[in-house]
1. Send over the per residue convex hull volume for the stretch 153-232, Cα only, as a whole number of Å³.
2. Which whole-number value in Å³ per residue fits the convex hull of the alpha carbons of the stretch 270-341?
3. Which of 346, 315, 325 sits closest to the plus end of the dipole of the stretch 296-411, meaning its Cα is farthest towards the positive end, when Lys and Arg get +1 and Asp and Glu get -1 on the C-beta?
4. Quick check on the chain: what does the Kirkwood estimate of hydrodynamic radius come out to from the alpha carbon pairs, in Å?
5. Grab the Cα-Cα distance for residue 407 and residue 41, subtract it from 0.36 nm times how many residues apart they are, and report the gain in nm with one decimal.
6. Could you calculate the contour length gain from residue 378 to residue 315, that is, 0.36 nm times the residue separation minus the distance between their Cα atoms, to one decimal place in nm?
7. Roughly what would the spin-label model give for residue 345 and residue 249, points 7 Å off Cα along C-beta, in nm?
8. Simple spin-label model, 7 Å along Cα-to-Cβ: residue 238 to residue 156 in nm?
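Every number here is computed from the coordinates shown, using simple stated rules; none is lab data. Nothing here was measured: the structure is a model prediction, and the numbers come from that model. Glycine gets a Cβ as well: all are built from the backbone with ideal geometry, and neighbour counts include every protein chain shown.
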Amino acid sequence: MRRIALLPLAVGGLTLTMLATACSSGFGKTAASQQSSGKQQLTVLIATSGAAETDAVKAATAAWAKSTGNGVTVDVAQNMDQQLGQAFAGDNPPDVFYVSSDQFSTYAERGALYAYGDQLKDRDSFSPTLLGAFSYGGKLYCAPKDQSTLALAINTDLWHKAGLTDADYPKTWDQLAAVAGKLTGNGVTGLSVNADYNELGGFFKQAGGWLTNADQTKMTASDQSNVQALGYVKKLLTDGVLKFPKDLDAGWGGEAFGKGRAAMTIEGNWLAGAMAKDYPNTPYTLVPLPEGPAGKGTMDFTDCWGVAAKSRHQAAAVALINELTSDSNQLTFARTVGVMPSKQTLLTTFKQQDPKSTAWADGTSYAQLPVNAPNMRQVMAQFNSSLAQLATSDPAKLLADLQKNGESALSGSAR
């Protein structure tokens, strides 16, 4: 899920430009005239992880259409940000669409979204953390579609070959460094993690830090706890027990892990689908991320079901979303797509349905959402670029640069 949302920076810039142009001409300022009766034809735009997700959404929307007498067309975006930006700028957006958490506040700020949160049937069943991710200006705009957290994936064959047992699963930073060292050798690296603040973000939380304050109005990137966390990751790199995927000739941590070039990786629920599809013969187990000096920490990734402010079918769109987020559909999506329900009331059932994903599900209770304040997407992309050079860089300097750039963005001077 999350991997699809991370699009090239140039695309994000294009989207912001289009939205700014659309807003300058009054986009979002005037309510669309609503079709309140008769058969309605809705368009839904999704960014899909593959055929399983596409088929699941099409089946759910078709069932709703059959039961209501409406029509639904599901389109799969080749580039979600670019296509949404063009649709908003052209004043002809889809009725319903995926919205990534890192783009949400930008869309909400510019008036592109219809705030329908008070019409959700099961609002109190959703995770409060996820509801917060899609709230802006005191309003809940859209329903969290699903969620994914991070866990430590361990290649059990390589683990046992290194003489390690279940009792050695790392529970602390020191233990993680120790087992990564034991697993490194003979063409295998102990741990591979993407050079991305999303995958490395758990370390900040485990050290007691984070990059912004709770309401994302102030940067806290340069706090000593964050320096400690990034310093720990750098030491793993310089000790040779951690390598970024590109250094293992892999596109992401899951590929390095699946091909046996790394014995461990830190990834989210999307790993399960990739392993089943591309590396079915690689045995693995999942455990919670090790605790740091301040305790537990992981990340939580989510999208929501957005409704366009200019949709003529808002009531029907909300009715469709209430069906798409029903208990039965959330559990079906979890089973077929590899995500977790966004309703906290369904997590126990989800773990019974998929016991192997328990570490991911348990992480939802202490997970951190990525930075999603307006104007911060480009800043975080720049930080990710700098993380790729962490092995030869000063962690304090990287975080000081992020602090400065983030303060500029949050103050509005980066617009």
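1. Spread over its residues, the Cα hull of the stretch 153-232 gives 107 Å³ apiece.
2. Looking at the stretch 270-341, the number lands at 155 Å³ per residue.
3. It is 315, whose Cα lies furthest towards the positive end.
4. 22.0 Å
5. Contour length minus the Cα-Cα distance gives 127.3 nm.
6. Using 0.36 nm per residue and subtracting the Cα-Cα distance, I get 19.3 nm.
7. 5.2 nm
8. Taking the two extended label points, one gets 3.7 nm.
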